[in-house]
1. So the check is Cβ under 9 Å with 6+ separation or different chains; which pairs have a first residue in segment 15-38 that's among the charged types (D, E, K, R) and a second one that's open to solvent by 60 Å² or more (accessible area, probe 1.4 Å)?
2. Here is a list: Gly42, Gly113. Which entry is touching a residue at least 40 places away in the same chain (Cβ under 8 Å), out of contact with any Lys or Arg (no Cβ under 7 Å at 6 or more places or on another chain) and part of a helix (DSSP H, G or I)?
3. Which ones in segment 45-59 are of a type in the set (Asp, Glu) and not in a loop (DSSP other than H, G, I, E, B)?
4. Which residue out of Ala64, Ala68, Ala55 is under 27 Å from Gln116 (Cβ atoms), of a type outside the set (D, E, K, R), in contact (Cβ under 8 Å) with a residue 24 or more places away in the chain and loosely packed, with under 13 Cβ neighbours inside 10 Å?
5. Give the number of residues within segment 4-39 that are surrounded by fewer than 16 Cβ atoms within 10 Å (Cβ to Cβ) and in a loop (DSSP other than H, G, I, E, B).
Amino acid sequence: NPVRDKSFLFALRIVKLAKFLQGEKKEFVLSKQVLRSGTAIGALVREAEHAQSKADFISKMSIALKEANETDYWLDLLHQSDYLTQDSYDSIHPDIQELIKLLVSIVKTSKAGAEQ
């Protein structure tokens, strides 16, 4: 399951990023925000694997998409406020963009299938 694997690996990167921000940059508020939203994506994807219904699956994946979008916001803010270097941002930003694209596709496909 590509989205499951990618969201888990992304969560690991986010955990390491939060540790760096808290340890090296002494940034505690934004780091907790990005940690919460960045790890929630994978947790929701994992929950969706055992959804009780198609509607439940769509709901969980839609919330995962919202969390991914929020994580993208926090990453942009961390970058623009100079907590993340350009290189660090360039390293992690494609990963969240890929997750967003995957989740958009899954939600759209699932909704289309549910309407038939």
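1. Sorted first by the residue in segment 15-38, then by its partner, the pairs are Lys25/Tyr83; Glu27/Tyr83.
2. Within the list Gly42, Gly113, the selection yields Gly113.
3. First, pick out the residues of segment 45-59 that are of a type in the set (Asp, Glu): 47, 49, 56.
Hits for segment 45-59 are Glu47, Asp56.
4. Within the list Ala64, Ala68, Ala55, the selection yields Ala55.
5. The qualifying residues number 4.
Okay, residues lined up against (1) at pLDDT below 95; (2) touching a Ser or Thr at 6+ places or on another chain (Cβ under 9 Å); (3) open to solvent by less than 80 Å² (accessible area, probe 1.4 Å); (4) hydrophobic (A, V, I, L, M, F, W, C):
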{"site": "Leu78", "(1), (2), (3), (4)": "no, yes, yes, yes"}
{"site": "Asp82", "(1), (2), (3), (4)": "no, no, no, no"}
{"site": "Gln86", "(1), (2), (3), (4)": "no, no, no, no"}
{"site": "Tyr89", "(1), (2), (3), (4)": "no, no, yes, no"}
{"site": "Asp95", "(1), (2), (3), (4)": "no, no, yes, no"}
{"site": "Ser105", "(1), (2), (3), (4)": "no, no, yes, no"}
{"site": "Thr109", "(1), (2), (3), (4)": "no, no, no, no"}
{"site": "Gly113", "(1), (2), (3), (4)": "yes, no, yes, no"}
{"site": "Gln116", "(1), (2), (3), (4)": "yes, no, no, no"}
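The values are calculated or read from the model by the stated rules, or taken from the named source; none is laboratory data. It should be emphasised that the depicted structure is a prediction, and the values quoted were computed from it without experimental measurement. All Cβ positions, even for glycine, are placed from backbone atoms using ideal geometry, and neighbour counts span all protein chains on display. Accessible surface is based on the protein model in full, side chains and every heavy atom, while ligands, DNA and RNA are left aside. Shrake-Rupley method; radii C 1.70, N 1.55, O 1.52, S 1.80 Å.
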